[in-house]
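Colleague: My questions will all concern the structure given below.
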Amino acid sequence: MNRLVPINSETEIPAHFRETSIGLLLEYHNLGKSHEPYSSAQLLVGMCMDNRKHLHIPDNFAYIIRTGGANLRYSEFKVSYAIAVGGAKAIALIGHTQCGMVNLIARKEQFVRGLVERAGWQREQAEEHFHHYAPMFEIGNEIDFILSEVKRLRFRYPNIPVAPLIYRVEDNKLYGIDETNDLAP
Ligand SMILES: [Zn+2]
């Protein structure tokens, strides 16, 4: 977690984000900037579906796509829509600490039992479901995953700034990620 960059003042917002709606997101959420009115979206936020996170942003400010692990690989049409039709000018991809999509395999038994007991599935059906989808949604490590996903999005949408961010559920703040020693593919 030592690659996380705290942002507790305007000067700590990386210069290349400051002039974009990513800088505004950081000001609203981390610095308590008072909400301005927006009539159209400025930003697309990709974040995990996890219940422990809530962004402090104005109405109409952002499109938000929530998925397991902030994984947008299976949401590309929605990303394209938010940019092309929605007018989002930048993307903030927000991973988080304690993400359940890290080491998903360790939760197999809990997943299967939960579907059997709570949803009325057959055990065999639940196991097959897990084995089919878990490899698609496993993210390995939240920081490395966000960095590799950001690279993919930058390549796919070359004119759109994309910021890798982490939401620490321990203090509910957004952090930048130091990309200088990034070894992700
Ligand atoms: Zn998560």
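Colleague: Which whole-number percent gives the relative contact order of the chain, counting Cα pairs below 8 Å spaced six or more residues apart?
Modeller: On the way: 292 pairs, mean separation 47.0, N = 185.
Once normalised by length, the contact order is 25 percent.
Colleague: Just reorder His29, His129, His54 by solvent-accessible area, largest first, 1.4 Å probe, all chains present.
Modeller: The ranking, largest first, comes out as His54, His129, His29.
Colleague: What does the helix-only formula give at 222 nm for the chain: each DSSP H stretch with n ≥ 4 adding -39500 (n - 2.57), the total divided by the residues, and the result rounded to the nearest 500 deg cm²/dmol? Present the calculation step by step, with values, prior to reporting the outcome.
Modeller: On the way: 6 runs with 61 residues, N = 185.
Per the formula, -9500 deg cm²/dmol.
Colleague: Between Ala134 and Arg73, take the C-beta separation as r, use R0 = 22 Å, and let me know the FRET efficiency to the nearest 0.05.
Modeller: Values: r = 15 Å, r/R0 = 0.66.
Taking R0 as 22 Å, the efficiency between Ala134 and Arg73 is 0.90.
Colleague: Further question: Would you work out the charge dipole size for the chain about its Cα centre, treating the Cβ of every Lys and Arg as +1 and the Cβ of every Asp and Glu as -1, and quote it to the nearest 20 debye?
Modeller: Working: 20 positive and 22 negative charges, 60 e Å.
In debye, rounded to 20, the chain gives about 280.
Colleague: Provide the packing ranking of 135-147, 61-73, i.e. peptides ordered by the mean count of other C-beta atoms within 10 Å per residue, highest first. Mind dumping the intermediate values first?
Modeller: Values: 135-147: 18.0, 61-73: 20.2.
Order by mean packing, descending: 61-73, 135-147.
Colleague: Another question, then. List the residues of region 123-155 whose backbone N lies under 12 Å from a point placed 7 Å from the Cα of Met49 along the Cα-to-Cβ direction.
Modeller: Label zone hits: 137.
Colleague: So what are the chain's ellipsoid semi-axes, whole angstrom, largest first, if each one is the square root of 5 times an eigenvalue of the alpha-carbon gyration tensor?
Modeller: On the way: eigenvalues 185, 64, 55 Å².
After scaling each eigenvalue by five and taking roots: 30, 18, 17 Å.
Colleague: For Lys33, list the lysines whose Cα falls under 19 Å from its own Cα; do not include residues on the same chain fewer than 8 positions away.
Modeller: Lys53, Lys173
Colleague: Roughly how many Å is it from the Cα centre of region 119-149 to that of region 2-80, as a whole number?
Modeller: Centre-to-centre (Cα) distance: 25 Å.
Colleague: Mind giving me the FRET efficiency for Phe155 and Glu36? R0 is 35 Å, r the Cβ-Cβ distance, nearest 0.05 is fine.
Modeller: Details: r = 32 Å, r/R0 = 0.92.
For Phe155 and Glu36, the calculated efficiency is 0.65.
Colleague: Which value in Å does the Kirkwood hydrodynamic radius of region 1-41 take, with 1/r averaged over all unlike C-alpha pairs and then inverted?
Modeller: Working: mean 1/r = 0.0896 Å⁻¹.
The Cα-based Kirkwood calculation yields 11.2 Å.
Colleague: Using 10 Å bins from zero, what percent of all Cα-Cα pairs in region 44-145 falls into each bin?
Modeller: Spelled out bin by bin, region 44-145 gives 14, 37, 31, 15, 2 percent.
The values are calculated or read from the model by the stated rules, or taken from the named source; none is laboratory data. This one's a predicted model, so the numbers in the text were calculated from it and none came from an experiment. Don't worry about glycine lacking a Cβ; one is built from the backbone with ideal geometry, like all the others, and counts go over all protein chains shown. Accessible surface is based on the protein model in full, side chains and every heavy atom, while ligands, DNA and RNA are left aside. Shrake-Rupley method; radii C 1.70, N 1.55, O 1.52, S 1.80 Å.
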